[in-house]
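S.K.: My questions all concern the structure below.
The values are calculated or read from the model by the stated rules, or taken from the named source; none is laboratory data. Because the structure is predicted, anything quoted here is derived from the model rather than measured. Note that we place each Cβ from the backbone using ideal geometry, even for glycine, and neighbour counts take in every protein chain shown. These area figures cover heavy atoms from the full protein model, side chains too; ligands, DNA and RNA do not enter into them. Shrake-Rupley method; radii C 1.70, N 1.55, O 1.52, S 1.80 Å.
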Amino acid sequence: MTFTETKTFQNYIGGEWRDSASGETFESVNPASGETIGTFPRSSAEDVDRAVEAAKAAFEDWRLVPAPRRGEILYRFANLLMEEKDEFTDLMSREMGKVKAEAGGDVQEAIDMSLYMAGEGRRLFGQTTPSELRDKFNMSVRMPIGVVGVITPWNFPIAIPSWKIAPALISGNTVVFKPATDTPLLGERFVELLIEAGLPEGVINIVHGGGGAVGDRLVRHPDVPVITLTGSRETGVEVMRNAAENLKHVHLELGGKNAIIVLDDADLELAADGIIWSAFGTSGQRCTAASRVIVEEGIYEQLQSRLVVAAEKLRLGAGWEDDTDVGPVINRKSLEKIHSYTEIGKDEGAKLLTGGEVATGNGFDKGNFYRPTIFGEVDPQMRIAQEEIFGPTTALIRVKDFDEAIRVSNGIKFGLSSSIFTRDVNKAFRAMRDLQAGITYINAGTIGAEVHLPFGGTKDTGNGHREAGQAALDVFTEWKSIYVDYSGKLQKAQIDTET
Ligand code: NAD
């Protein structure tokens, strides 16, 4: 598909579509073809301040709308997304580059999350407890917090906004959303559907622009008590530091360096399929991508050969073409970063088994295409085995046994996803216990989360919060404990101990 006309888009603030205060713009570009997708406002602090003001004003009423009614809007949103799924899928393959099947999965995840959180409108459970005093009633309830600043990356341009915006809204908060500058049109379409679903003015606002201007202003704005960010570790550290002044609630979902362990007794065909899917799906640009494969020595050579053959069969191409297995990477900078890690791996002494180059010819030069890359004989301490590359590159590490495999898997600063292929149930259970990660898969690759379970990681992958499932509500609500004393007299906890 090609675009003959480039449209100009706006911010949505307080129920109105507006240009940026400065009138400046930036373009979104198709990573497969280099074509311009659209022109967007390059916003500044002034635009953020307006959006926060609108969201703050809207909060006063939205927090009082009964949660089941808020849920009905999310149901409508989910239905609209179902109706528009094909359009969103196609747009995603053009703006972000994902192949169609995966783009459809990204949209489906947002549908699932919206339905799940719509249902929360009739739950949002708190607790009732006994009191230590007579004629007294105790309960805890979830309270909305206020304006939530939502800052998202480009790699799941519909799913990730839904993981944050759906629970924020169902809990009674209002939102200022800053999508990644590589995928602004998908962010914009997401908001259009929320408006169509019936969200009142000011409840959802979108402000386009860069992390340094728009994101940073949200992070520092005194009227934004909650910041939820998915991005790189470096951005997370900066955001946490800059939000500290106002003691904000900061929810961070950051990088990964996920490993698949394959033991000698594994089903090798299944393991190879899981590795190829997890390493090269979304061109390796998933926070849960398998960028390390830890292999017990008895099957190392056999697995390595299978993986090289399978990687070389993958067809590189534009995401919207039916026969494409691996799409482009997001932009030039990313392409250069990925290739620099190939050079680093070679310099470190790892063995380049396949790939390791920018794809050229065949129309590839217009986009950002990198050949699926596998390094063999990688030492666990090498930079290609420690640092997040965020591209179609994976590193094979040879280990002598299960214990070493677990040590190597854990020997990184991140802790997002993990996986083991084995037929030994005892080892599988030990792995479930000992792998230091927020997610562990048994006999499946490292990718493919479901929305009703908590999602997130340990160590430097985050700051202890979780997205999705019931756990997400903890980010967007504040617990309030309520004591109702109907004794008609002053009763003192811990002091009046008579029964
Ligand atoms: P990024 O950190 O460059 O940007 C993420 C978002 O933060 C963007 O919207 C960006 O504009 C904004 N931003 C940048 N600097 C900022 C600042 N100082 N203040 C406020 N906002 C700022 O990340 P990216 O390249 O868009 O995404 C890739 C990264 O995201 C990878 O590290 C990947 O692992 C991570 N990721 C993590 C998860 C997860 O759930 N753990 C999921 C997807 C992606």
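S.K.: So what is Rg over Rh here for segment 190-290, counting just Cα atoms and using Kirkwood for Rh? Write down the numbers at each step before the final one.
M.R.: On the way: Rg = 19.5 Å, Rh = 16.9 Å.
Ratio of gyration radius to Kirkwood radius: 1.15.
S.K.: What is the magnitude of the charge dipole of segment 420-499 about its Cα centre, with +1 placed on the Cβ of each Lys and Arg, -1 on the Cβ of each Asp and Glu, and no other charges, expressed in debye to the nearest 20? Walk me through the numbers on the way to the answer.
M.R.: Values: 9 positive and 10 negative charges, 63 e Å.
Charge dipole of segment 420-499: 300 debye, to the nearest 20.
S.K.: Contact order normalised by length for segment 452-499, with contacts defined as Cα pairs under 8 Å and 6 or more residues apart; what percent is it?
M.R.: Working: 30 pairs, mean separation 12.0, N = 48.
In percent, rounded to a whole number, it is 25.
S.K.: Also, quick follow-up: What is the set of long-range amide H partners of residue 465 at a cut-off below 5 Å, with H atoms built 1.01 Å from backbone N?
M.R.: 252
S.K.: Per residue, how much accessible surface does segment 415-499 expose to a 1.4 Å probe? Answer in Å², no decimals. Each step should come with its number before you reach the end.
M.R.: Numbers: 4770 Å² over 85 residues.
Per-residue value: 56 Å².
S.K.: In nm², what is the average projected area of the convex hull enclosing the Cα atoms of the chain? List each step's numbers first, then the result.
M.R.: Numbers: hull surface 105.0 nm².
That works out to 26.2 nm², a quarter of the Cα hull's surface.
S.K.: Oh, and also: Per DSSP helix of 4 or more residues, -39500 (n - 2.57); summed, then divided by the residues of the chain. What does that give at 222 nm, rounded to the nearest 500?
M.R.: That comes out to -11500 deg cm²/dmol.
S.K.: At 0.36 nm per residue, minus the direct Cα-Cα distance, what do residue 401 and residue 137 gain on full extension? Give it in nm, one decimal, please. Intermediate values should be presented prior to the final figure.
M.R.: Numbers: separation 264, 0.36 × 264 = 95.04 nm, distance 5.66 nm.
Net length gain for the segment: 89.4 nm.
S.K.: Along the principal axes of its C-alpha atoms, what lengths does segment 242-343 span, in descending order and rounded to whole Å?
M.R.: 55, 35, 29
S.K.: I would also like to ask the following. Quickly rank 462-472, 285-295 as a protection proxy: mean count of other C-beta atoms within 10 Å, highest first. Numbers along the way, then the final one.
M.R.: On the way: 462-472: 19.2, 285-295: 27.8.
Descending mean neighbour count gives 285-295, 462-472.
S.K.: Provide the descending list of Cα extents for segment 160-221 along its principal axes, expressed in whole angstroms.
M.R.: 31, 24, 21
S.K.: Have a look at segment 28-100 and give its Rg and Dmax from the Cα atoms, expressed in angstrom.
M.R.: 17.6, 47
S.K.: Oh, and also: Using only the alpha carbons of segment 416-499, what is the convex hull's orientation-averaged projected area in square nanometres? Please list the in-between numbers first.
M.R.: Numbers: hull surface 41.1 nm².
Mean projected area of the Cα convex hull: 10.3 nm².
S.K.: Quantify, in whole percent, the carbon and sulfur part of the accessible surface of the chain (1.4 Å probe; protein heavy atoms only). Can you show the working numbers first?
M.R.: On the way: 10000 of 20630 Å².
C and S atoms contribute 48 percent here.
S.K.: Another question about this same structure. Give me the accessible area of residue 75, 1.4 Å probe, in Å² rounded to the nearest 10.
M.R.: Accessible area of residue 75: about 100 Å².
S.K.: While we're here: Work out, step by step, the length gained on full extension between residue 269 and residue 340: first 0.36 nm times the residue separation, then minus their alpha carbon distance; give nm to one decimal.
M.R.: Working: separation 71, 0.36 × 71 = 25.56 nm, distance 3.13 nm.
In short, 22.4 nm is gained.
S.K.: Counting only residues 5 or more places away or on other chains, whose amide H sits under 5 Å from the amide H of residue 353 once H atoms are built in the peptide plane?
M.R.: 374, 375, 376
S.K.: Could you tell me the relative contact order of the chain? Use alpha-carbon pairs under 8 Å, at least six residues apart, and round to a whole percent.
M.R.: Numbers: 1161 pairs, mean separation 88.6, N = 499.
The normalised contact order for the chain reaches 18 percent.
S.K.: Scattering from the C-alpha atoms of segment 63-135 alone, worked out with Debye: what is log10 I(q)/I(0) at q = 0.14, 0.23, 0.24, 0.26 1/Å?
M.R.: Scattering profile of segment 63-135, log10 relative to I(0): -0.57, -0.93, -0.96, -1.04.
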